[in-house]
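To keep things clear, I will list the structure first and then write my remarks on it.
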Amino acid sequence: MLLLSRLQPYKKQLKARKHAQLIAPWTVALEVAHPGQSCRPDIEQHQDAIGEALSIEIRRNEVEEYKAAPISTGVSAFTQGGDNIRESI
């Protein structure tokens, strides 16, 4: 009986916590826009925002080109000329 009386407040707290989580509004984390992205930004701030976006796009294109490039171009000239190496040794 003593154990049940101790669990009652705990169960009420759990129930209240679950209810609060269910009715709590969903929150989404958003990034704050750069000052150059406002309706009428300063020219310098706007140029900074464009420069940042351009650098991101350039980096993205470099990564795509790197991934699309073949690992090797085939047999190297050193490997093809294996007989000449033995003669020089």
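Placing unit charges on each Cβ (+1 for Lys and Arg, -1 for Asp and Glu) gives segment 11-83 a dipole about its Cα centre, and among Cys39, Pro25, Ala68 the Cα reaching farthest toward its positive end belongs to Pro25. Between Gln37 and Ser76, full extension at 0.36 nm per residue minus the direct alpha carbon distance yields a gain of 9.0 nm. Note on Asn61 and Ile23: the extension gain reaches 9.3 nm, defined as 0.36 nm multiplied by sequence separation minus the Cα-Cα distance. The residues neighbouring Glu52, those whose beta-carbon lies less than 14 Å from its own, together hold a net charge of -2 under the Lys/Arg +1, Asp/Glu -1 convention.
Since every read-out is calculated from the coordinates, none of them should be taken as a lab result. Since we're looking at a predicted model, the values are computed, not measured. Methodologically, a virtual Cβ is constructed for each residue, glycine included, from the backbone with ideal geometry; neighbour enumeration extends over all protein chains shown.
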